[in-house]
Amino acid sequence: MRLLYSFPRPRISLRYIWPWSWAVTAPKKTVAVAKKEAEPANGGGPQEKFESASRPPFKIGDVRAAIPSHCWVKDPWRSMSYVLRDVVVIAALALVAGRLNSWIFWQIYWLAQGTMFWAIFVLGHDWYSHRLTVFFARIAVA
């Protein structure tokens, strides 16, 4: 199956985007030509293909080894400080919006509060997903 583009190809290879790896074909290997052929005016050549079933040239261990060791240390105090910071920013935005009451600021407020509440949603979603995983794991063992 070929994936056709009507816009310039992205710089990142679609081979490594897992959910869509089945939709992209492998690039062709080309042989250097002695004479330089005239390129088309649009600058495009033949569609590149690659084998979607092939594995990437790196392992998950390589990715983990590239991350510094201090990034793997869990610090609950630091994590909770980020949550507290998000709550303080939400409260401050609400206070400023009530104080200014300007139609221009309400547009900014809408975007900023949406972003901050999204952060709170992600925390709750991840926590609840973990709780469900543990719950169903206990049921499966029992």
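Observations
Condition check ((1) at pLDDT below 90; (2) among the β-branched types (V, I, T); (3) assigned to a loop (DSSP other than H, G, I, E, B); (4) touching a Lys or Arg at 6+ places or on another chain (Cβ under 6 Å)) across all residues:
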residue: N42; (1), (2), (3), (4): yes, no, yes, no
residue: E48; (1), (2), (3), (4): yes, no, yes, no
residue: S54; (1), (2), (3), (4): yes, no, yes, no
residue: D62; (1), (2), (3), (4): no, no, no, no
residue: A65; (1), (2), (3), (4): no, no, no, no
residue: H70; (1), (2), (3), (4): yes, no, no, no
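- Enumeration of residues in the range 59-117 that are closer than 23 Å to W127 by Cβ and of a type in the set (D, E): D75, D86
- Residue list for the range 47-97, filter: within 30 Å of I108 (Cα to Cα) and of a type in the set (V, I, T): V83, V87, V88, V89, I90, V96
- Single condition W18 does not satisfy, out of (1) at pLDDT 85 or above; (2) closer than 29 Å to G124 by Cβ: (1)
The values are calculated or read from the model by the stated rules, or taken from the named source; none is laboratory data. Bear in mind the structure is a predicted one, so any value in this text is a computation, not a measurement. Ideal geometry is used to build each Cβ from the backbone, glycine not excepted, and the neighbour counts take in all protein chains shown.
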